[in-house]
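Worksheet for the structure shown next.
The values are calculated or read from the model by the stated rules, or taken from the named source; none is laboratory data. Just so we're clear, the structure is a prediction, and the values are computed from it rather than from any experiment. Here Cβ is always computed from backbone atoms with ideal geometry, including for glycine, and neighbour counts include all displayed protein chains.
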Amino acid sequence: MSDETNGPYTKVSLAEGVASSQTTRRVFLKVLGAATAATSTADAMGWEEYFQQHYKRLTDDDKRAIFARLEQQVRDRQGVDVHIRDPQPLDGVEFAYALNLQACVGCRRCEYACAQENNTSRSPEMHYIRVLQMEKGSLDVERSHTGYEGQVPQQGHYYMPVQCHHCRDAPCVRACPVNATWAEPDGIVVVDYNWCIGCRYCEAACPYFARRFNFEEPTLRASEINPEQGYLSNRLRPRGVMEKCTFCLQRTRQGLYPACLEACPTGSRKFGNLLDPNSEIRQVIETKRVYILHEEAGTNPRFYYFFG
Amino acid sequence: MLVAALGAGACHREAPHEHRDAPHTQTIQVVPRTPLIATFSCMAQCHSRLAPNPAQRELRTFHVDKRLNHGQTLTWCTFCHQDDQLDSLHLINGTLVPFDEAYRVCAQCHEERYRDWTRGVHGSTTGSWRDVGVRRSCPTCHNPHDPHRQQFESLPPPARERALGPHEGGHGATEGSPERAHGAPESTHE
């Protein structure tokens with residue numbers, strides 16, 4: 001049977017069929033859709049949240065309403081008063097990070113300070129930073145381990161903490177099919193948790209394994225919640241979205257250092273404004289031997305390792 | 001006309017990054033160390049009455065916890081401490097240095113480290129990267145009597161990495177790793 005003979009006939013019959021039941025089916029589907037959205041997601045999410053726009057299309061009024069709603073949600077669910085803000089990138093500031101591989105002892109204080117600051121899930125346990133125990137004399141991360149315990153530094157090892165490198169050519173940003181992640185003007189790569197569809201393409205694209213996925217509802221005790229929250233950073237995340245290090249933008253955009261740096265007992269961590277020639281970070285890059293992890297990946301990161 | 005059209009088009013694109021220098025606004029405060037001796041002044045407590053004995057010897061009664069193990073030349077208290085003014089340090093040329101500026105004493109030998117420290121490359125600076133940075137003097141981290149590197153007790157690895165054991169869970173063991181393929185539950189994952 002060819003399309004010339006069969007096609008028009010089918011079309012007509014279909015059109016007649018639709019015409020006869022069109023109204024009822026459409027209405028039925030509409031009602032069903034609305035009812036499903038209202039019943040299945042209203043408790044967990046709510047109508048406004050479900051249809052919330054992309055972060056970049058939100059007006060200041062939208063943001064105020066969203067922050068108030070999110071604060072109310074935390075008050076209802078966890079009984080904690082939190083303050084959600086949205087600090088904007090600062091003019092003339094591009095953030096960068098450097099880590100002294102000779103000074104780091106691998107004590108993991110940074111990991112836990114990060115979890116505390118950024119409200120990451122305690123069960124299942126999620127850390128943005130992984131400290132790799134490396135073999136002395138080698139930069140081969142494939143031979144590194146993260147499960148070491150006890151006294152550090154251990155004989156024959158040095159330590160390389162890895163977190164989001166905030167790349168200038170970030171593969172995660174390119175991989176995202178819905179533009180839910182992007183680099184801000186100050187270089188911080190952020191995620192719109194409400195726009196993320198949870199496909200995890202970005203996680204697969206990242207050569208640093210720096211992105212984390214919420215397989216389960218993140219759990220935190222009320223006492224563990226850091227109430228000073230940034231909308232694009234450490235506010236409480238739902239299940240099914242990606243998250244990652246944001247250079248603690250809720251702190252750093254207000255002039256503070258990231259939590260991991262504050263926690264470091266060895267002073268291995270250096271952070272600052274790359275555009276200021278006298279900043280610590282520029283001094284590191286100009287006076288020390290600098291190593292870029294996975295330079296061959298062409299990601300051009302804003303995270304540097306240095307020696308000395 | 002063409003330039004105007006191109007210009008109008010360019011407005012909608014993101015402006016290329018400008019590499020102009022930003023002003024340096026951070027000032028540095030070094031954490032003072034005199035408050036530590038304020039509660040126990042060497043002079044007020046003992047040495048105003050008891051002149052220090054300059055002879056090198058094994059200490060048996062006092063300062064027995066101060067095992068001196070710092071280089072080959074630094075063998076006696078008075079190398080850094082001023083014997084008639086024990087609440088101060090001194091440089092090799094005799095200049096008195098308060099404890100708050102102990103780094104000047106260290107800098108006499110460790111000039112490269114000192115230079116790095118003044119630039120903020122060595123040592124920890126906390127507080128604010130923009131306004132007031134708080135920096136620590138050398139003896140905060142390095143015991144000047146026995147400056148050898150210390151061991152730290154590491155905090156435990158997160159659950160998933162602990163489960164993999166001390167010799168697993170490296171950079172290679174990522175999301176697509178064999179552990180995962182062989183049926184590790186997703187819930188144990190980060």
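If you check every pair at least six apart or on different chains, which have Cβ atoms under 6 Å apart with a residue in segment B:144-158 that is more than 7 Å from chain A (Cβ to nearest Cβ) first and a residue that is surrounded by fewer than 17 Cβ atoms within 10 Å (Cβ to Cβ) second?
Pairs found: B:His145/B:Lys66; B:His145/B:Leu68; B:Asp146/B:Arg67; B:Asp146/B:Asn69.
Of the conditions (1) buried (at least 23 other Cβ atoms within 10 Å of the Cβ); (2) facing chain B (nearest Cβ under 9 Å); (3) assigned to a strand (DSSP E or B), A:Tyr97 satisfies every one except a single condition; which number is it?
Among (1) buried (at least 23 other Cβ atoms within 10 Å of the Cβ); (2) facing chain B (nearest Cβ under 9 Å); (3) assigned to a strand (DSSP E or B), the lone unmet condition for A:Tyr97 is (2).
How many residues does segment A:61-80 hold that are among the charged types (D, E, K, R) and under 18 Å from A:Arg237 (Cβ atoms)?
6
Hey, could you check segment A:104-113 for residues that are more than 8 Å from chain B (Cβ to nearest Cβ) and closer than 26 Å to A:Lys136 by Cβ and say which is surrounded by the most Cβ atoms within 10 Å (Cβ to Cβ)?
A:Cys110
Can you tell me which residues in segment A:208-230 are under 13 Å from the mean Cα position of the chain (by Cα) and either polar (S, T, N, Q) or under 14 Å from A:Cys196 (Cα atoms) (or both)?
A:Arg211, A:Arg212, A:Phe213, A:Asn214
Given (1) surrounded by fewer than 18 Cβ atoms within 10 Å (Cβ to Cβ); (2) basic (Lys, Arg); (3) at the interface with chain B (Cβ under 8 Å from one of its Cβ atoms), identify the lone condition not met by A:Arg122.
(3)
Taking the condition of being in contact with a Pro (Cβ under 6 Å, 6 or more places away or on another chain) and among the hydrophobic types (A, V, I, L, M, F, W, C), how many residues in segment A:272-300 meet it?
Selection size over segment A:272-300: 1.
Of all residues being free of Cβ contacts under 8 Å to residues at least 60 places away in the same chain, under 14 Å from A:Tyr291 (Cβ atoms) and outside any strand (DSSP E or B) in segment A:138-163, which is farthest from the other protein chains (Cβ to nearest Cβ)? Just the residue, please.
A:Ser138
Every residue in segment A:238-258 that is touching a Cys at 6+ places or on another chain (Cβ under 9 Å) and surrounded by 22 or more Cβ atoms within 10 Å (Cβ to Cβ), please.
Result: A:Met242, A:Glu243, A:Lys244, A:Cys245, A:Thr246, A:Phe247, A:Cys248, A:Tyr257, A:Pro258.
So which residues in segment B:24-46 are modelled with pLDDT of 85 or more and either hydroxyl-bearing (Ser, Thr, Tyr) or closer than 15 Å to B:Ser88 by Cα (or both)?
Within segment B:24-46, B:Thr25, B:Thr27, B:Pro32, B:Arg33, B:Thr34, B:Pro35 qualify.
Which ones in segment B:130-153 are buried (at least 18 other Cβ atoms within 10 Å of the Cβ) and either among the polar types (S, T, N, Q) or more than 11 Å from the chain's Cα centre (by Cα) (or both)?
B:Arg130, B:Gly133, B:Ser137
Considering segment B:85-105 alone, what residues qualify as being more than 19 Å from B:Met43 (Cα to Cα), outside any loop (DSSP other than H, G, I, E, B) and out of contact with any strand residue (DSSP E or B) (no Cβ under 6 Å at 6 or more places or on another chain)?
Correct list: B:Tyr103 only.
Check whether at least one residue in segment A:171-182 is among the aromatic types (Phe, Trp, Tyr), under 20 Å from A:Ser233 (Cα atoms) and either modelled with pLDDT of 95 or more or not assigned by TED's automatic domain parsing to the domain that holds A:Arg212 (or both), and report yes or no.
Yes; the residues of segment A:171-182 include at least one that is among the aromatic types (Phe, Trp, Tyr), under 20 Å from A:Ser233 (Cα atoms) and either modelled with pLDDT of 95 or more or not assigned by TED's automatic domain parsing to the domain that holds A:Arg212 (or both).
Provide a single number: the residues in segment B:64-83 that are farther than 23 Å from B:Val30 by Cα, touching a residue at least 12 places away in the same chain (Cβ under 8 Å) and assigned to a loop (DSSP other than H, G, I, E, B).
Of the residues in segment B:64-83, 8 are farther than 23 Å from B:Val30 by Cα, touching a residue at least 12 places away in the same chain (Cβ under 8 Å) and assigned to a loop (DSSP other than H, G, I, E, B).
In segment B:93-124, which residues are under 20 Å from A:Cys264 (Cβ atoms) and either within 13 Å of chain A (Cβ to nearest Cβ) or surrounded by fewer than 17 Cβ atoms within 10 Å (Cβ to Cβ) (or both)?
Hits for segment B:93-124 are B:Arg113, B:Asp116, B:Trp117, B:Thr118, B:Arg119, B:Gly120, B:Val121, B:His122, B:Gly123, B:Ser124.
When you check B:Gly127 against the structure, is it modelled with pLDDT under 95, facing chain A (nearest Cβ under 9 Å) and surrounded by 15 or more Cβ atoms within 10 Å (Cβ to Cβ), yes or no?
No, not satisfied.
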